[in-house]
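Let me begin by presenting the structure, written as structure tokens, before commenting on it.
The values are calculated or read from the model by the stated rules, or taken from the named source; none is laboratory data. Since the model is a prediction, treat every value here as computed from it, not as a measurement. Glycine gets a Cβ as well: all are built from the backbone with ideal geometry, and neighbour counts include every protein chain shown.
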Amino acid sequence: MAGILQAIESITARLATLNVANNDNVTGPLNVRVWNNQLKWIEEANIENQPLPAAFLEVPALKFNRLLNAVDEADAIWRVHLIHEYLDAGDETTYEQDLAIFALRDSVVALLSQFVPTGGGILVRVAEEMDYNHTNLYHYIIDFKSAFIDTKGSPYDTGRTDYQFTTGPTTLKNDRTNVTIEQGGGGVTIGPFKVPQR
């Protein structure tokens, strides 16, 4: 049983398994975080430098439908923001053309397509958006969609501690002609009730 945290953690953990090379040709795991408009903050130098390339996961507004027993379902969009720093070689061969972002895009699509996040259904890519007005930081957006089941509001969620299911101290005795119900360990007896005979 899961909530939004477990779903986000499963997708970000999956993205972090991708090894990428930075501008110094040092290979390591993809830097993955939850989206907080980091691109704006990086460009304005209001945030510490992020290792690039990076992937940031955004979960746009979710609209839930109640299923049963406080279990909710939504068609979730999992938006992946890819940020890549491209420094032109200055040799007039690339002309500010960042093709490495497309290799990163291809790797992310291959990694997340058909992936099943915790509490969700299979991820299906539904949209992409390229950056046509970028500086040396290229911003590529990929949207994946899946069903998402949130059980955190349900008393049947295994992680909940505010509900306790117990078996009451009730015993039922049936000797085929009389039924006796004892509650409280035999302290209160209701019955005997006669069982109709055919």
Item to check | Exclusive hit being at pLDDT below 90 and crowded, with 17+ Cβ neighbours inside 10 Å, set 98, 150 | outcome: 98
Checklist entry - Based on what the data block shows, is residue 11 part of a helix (DSSP H, G or I), modelled with pLDDT under 90 and out of contact with any Ser or Thr (no Cβ under 7 Å at 6 or more places or on another chain)? => result no
Next on the checklist: So for segment 122-142 (the condition being small (Gly, Ala, Ser), closer than 30 Å to residue 103 by Cα, surrounded by 13 or more Cβ atoms within 10 Å (Cβ to Cβ) and modelled with pLDDT of 70 or more), does at least one residue qualify?
Outcome noted: no
Item to check | Hey, residue 88 under 21 Å from residue 24 (Cβ atoms), surrounded by fewer than 17 Cβ atoms within 10 Å (Cβ to Cβ), modelled with pLDDT under 90 and not aromatic (Phe, Trp, Tyr) or not | outcome: yes
Checklist entry - So which residues in segment 42-62 are of a type outside the set (Asp, Glu) and under 25 Å from residue 7 (Cβ atoms)? => result 50, 51, 53, 54, 55, 56, 57, 59, 60, 61, 62
Next on the checklist: For segment 47-75, which positions are among the small types (Gly, Ala, Ser) and not in a loop (DSSP other than H, G, I, E, B)?
Outcome noted: 54, 55, 74
Next on the checklist: Being among the hydrophobic types (A, V, I, L, M, F, W, C), assigned by TED's automatic domain parsing to the domain that holds residue 9 and modelled with pLDDT under 80: is that true of residue 112 here?
Outcome noted: no
